[in-house]
1. So the check is Cβ under 8 Å with 6+ separation or different chains; which pairs have a first residue in the stretch 242-253 that's within 17 Å of S278 (Cβ to Cβ) and a second one that's buried (at least 19 other Cβ atoms within 10 Å of the Cβ) and at pLDDT below 95?
2. Check G66 against each of (1) touching a Ser or Thr at 6+ places or on another chain (Cβ under 8 Å); (2) surrounded by fewer than 18 Cβ atoms within 10 Å (Cβ to Cβ); (3) within 18 Å of H142 (Cβ to Cβ) and name the one condition it does not meet.
3. Just to be sure I understand, how many residues within the stretch 248-279 are surrounded by fewer than 21 Cβ atoms within 10 Å (Cβ to Cβ) and within 19 Å of N83 (Cα to Cα)?
4. So A215 clears everything in (1) touching an Asp or Glu at 6+ places or on another chain (Cβ under 8 Å); (2) loosely packed, with under 12 Cβ neighbours inside 10 Å except one condition, right? Which one?
5. Please determine, by comparing only the residues of the stretch 156-192 that are of a type in the set (F, W, Y) and in a strand (DSSP E or B), which one is nearest to Q265 (Cα to Cα).
6. Considering only the stretch 82-134, state which residues are in contact (Cβ under 8 Å) with a residue 60 or more places away in the chain, under 24 Å from R223 (Cα atoms) and not in a helix (DSSP H, G or I).
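The values are calculated or read from the model by the stated rules, or taken from the named source; none is laboratory data. Please read these numbers as outputs of a predicted model, since none were measured by experiment. A quick note on method: Cβ atoms are made from the backbone with ideal geometry, for glycine too, and the neighbour counts reach across all protein chains shown.
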Amino acid sequence: MRSILLGGLAALCLTAAAPALAQGVPPAVIADPAPDAAHPPRSAQVLIPSEGGEMNALLYLAAGEGPHPTVVLLHGLPGNEQNLDLAQAIRRAGWNVLTLHYRGSWGSPGRFSITGAIADGDAAVAFLRDPRVAAKYGIDTHRIVVGGHSMGGLVTALHASHDPDLAGAFFLDPWNAGADGARWAAAAPAARAAFEAGMDDFGHSLVGADPHSIAVEIAAHAREWDLVGRGASLTRVPVLVIGAERGGGAEVRAFADAIAQAGGQVSGGEMSTDHGFSDHRIAMMSAVVDWLNNLPH
């Protein structure tokens, strides 16, 4: 699949080209590679230091001698969906993938906050660039990509906006938390109450956070966490934005357009699916793997 270029074309949707998608699925999405007996794929559990704490993380290491380009794959809030099928497809395409749980989430020590998760995203990239880590796990530090789903997209945007050395950044229906905060500030208490009531999937996944504390944090950072406002700072690296019609919808389109209008290298489009890409997993993975395969070396 070749990505649909955004920038005045955000209304176009990837699903409109369904036949082309079906013909262009990268092999790594649906087929195992030939075995490499000398350098087989493997996984390594690692601990990533961040502001005095440590995050539980897993490296999916690609087959082959390496070093390999590497993706940091960031999950959303609270992280029930980790997109590990995407991680496996990216590894089959020859990339390492680092997945992690932010501090205070899913067993990582500490207390969870979105502010902390943003710092954790920075820490994950710094971890991969550590020469000792890079040498041990075969990481090409000149080809690191950060990608995130939902809140992970927010974390990706805030990291990519100050890291010109990334090879690229991708966004899967990113959450514009700042836009939510701005709406609440515009005398919409019912909207904030509905937001808190809708956050019913935390379970026991987060420590020190609940829907109310998350809403308070968003309200305090509304301007800083506005993705559209961040668009102009995302022009230094190639960017892929894949929206979901029944997810972020217009807000994700506005984010992609803001990058394009600022002169960014943005591609992607919108899929007719929900926020989790529930019935478009193959299409979503195909778009990401194809984009990664076509990044400059």
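1. Correct list of pairs: I242/L14.
2. (1)
3. Looking only at that region, the number is 6.
4. The one condition A215 does not meet is (2).
5. Taking the stretch 156-192 first, the residues of a type in the set (F, W, Y) are 170-171, 175, 184.
Retained after the next criterion (residues that are in a strand (DSSP E or B)): 170-171.
Values: F170: 11, F171: 13 Å.
Filtering the stretch 156-192 for residues that are of a type in the set (F, W, Y) and in a strand (DSSP E or B), the one nearest to Q265 (Cα to Cα) comes out as F170.
6. Within the stretch 82-134, R111, F112, S113 meet the criteria.
Matching residues to (1) out of contact with any helix residue (DSSP H, G or I) (no Cβ under 8 Å at 6 or more places or on another chain); (2) hydrophobic (A, V, I, L, M, F, W, C); (3) closer than 18 Å to G148 by Cα:
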| site | (1), (2), (3) |
| --- | --- |
| R42 | yes, no, no |
| M55 | no, yes, yes |
| L73 | no, yes, yes |
| W106 | yes, yes, yes |
| S113 | no, no, yes |
| V125 | no, yes, yes |
| R132 | yes, no, no |
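For (1) surrounded by 21 or more Cβ atoms within 10 Å (Cβ to Cβ); (2) modelled with pLDDT of 95 or more; (3) farther than 27 Å from H212 by Cβ, each residue gets a yes or a no:
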{"position": "R103", "(1), (2), (3)": "yes, yes, no"}
{"position": "F112", "(1), (2), (3)": "yes, yes, no"}
{"position": "T115", "(1), (2), (3)": "no, yes, no"}
{"position": "Y137", "(1), (2), (3)": "no, yes, yes"}
{"position": "H149", "(1), (2), (3)": "yes, yes, no"}
{"position": "G152", "(1), (2), (3)": "yes, yes, no"}
{"position": "D165", "(1), (2), (3)": "no, yes, yes"}
{"position": "A169", "(1), (2), (3)": "yes, yes, yes"}
